[in-house]
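Step one of this worksheet: look at the structure below.
The values are calculated or read from the model by the stated rules, or taken from the named source; none is laboratory data. Quick caveat: nothing in here was measured; it's all calculated off a predicted structure. With ideal geometry, Cβ positions are generated from the backbone for all residues, glycine too; neighbour counts draw on all protein chains shown. With ligands, DNA and RNA removed, areas are computed over all heavy atoms of the protein, side chains included. Shrake-Rupley method; radii C 1.70, N 1.55, O 1.52, S 1.80 Å.
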Amino acid sequence: MSMTSSAGQTSRRILIACVGNIFLGDDAFGVEVAKGLMGRKYPDGVQVIDFGIRGMDLAYTLLDDYDALVLVDCVSRGGTPGTLYLIEPDIAGVLPEKEAEAGRAVLDAHSMDPAKVLAFAGVLGARPIHTLIVGCEPAKIITGEDDTDLLMGLSEPVQAAVDGAVKMIDSLVGRLLASTPVT
């Protein structure tokens, strides 16, 4: 649902959710983009949150009445490291099939699977909303399963993509705010 400002104009509520693990190299892409977005002056109704690996927090935040979600994350699609992607997923495909499975998925403190978080949010009662993913191709996938896998800092190509991602998100916010709110 939309909210109305004191001037009587309807504005859209947009959540920009940045996710990632700072100990897994390029997986911290969303966290680094959040840093670039925090100083931006967005209109009321646009909220930027660095969720890190806190999937449960994201799921509960999705219970708030947002019109759109922009999820920022590292996305491996086989492209050149540092490639930015804009993905519009089929949200119907991530609706919860089994409540217990969705609950277990979110409770893993060392990773966050956005599809499972969205499914868990659905279990909690969040309605499906227009969702866009701003993703970046990592240079290397680090799982963190072994302590020698831990690596802080982004690779050079992924670090170079952060400013482009901020510009992409600025453009998306403008387009989302200009679209007709869902009522």
- Task: Subtracting the Cα-Cα distance from 0.36 nm times the residue separation, let me have the gained length for Met38 to His130 in nm, one decimal.
- Result: 30.9 nm
- Message: Could you sort the peptides 37-45, 18-26 by per-residue average Cβ neighbour count (10 Å cutoff), highest mean leading?
- Response: 18-26, 37-45
- If each K or R counts +1 and each D or E counts -1, the residues other than Val158 whose Cβ falls under 15 Å of its Cβ total -4
- Given a Förster radius of 22 Å and the C-beta distance between Asp65 and Arg175 as r, what FRET efficiency does 1/(1 + (r/R0)^6) yield to the nearest 0.05? 0.65
- Message: Can you give me the distance in nm between label points at Ile87 and Asp113, each placed 7 Å from the Cα along the Cα-to-Cβ direction?
- Response: 1.3
- Item | Rounded if a/c under 1.5, otherwise prolate or oblate - the stretch 14-62, Cα gyration tensor axes | oblate
- Round to a whole angstrom and tell me the spacing of the C-alpha centers of the stretch 158-175 and the stretch 44-75. 16
- Query: So what does Leu151 come to for accessible area, using a 1.4 Å probe and Å² rounded to 10?
  - Reply: 90
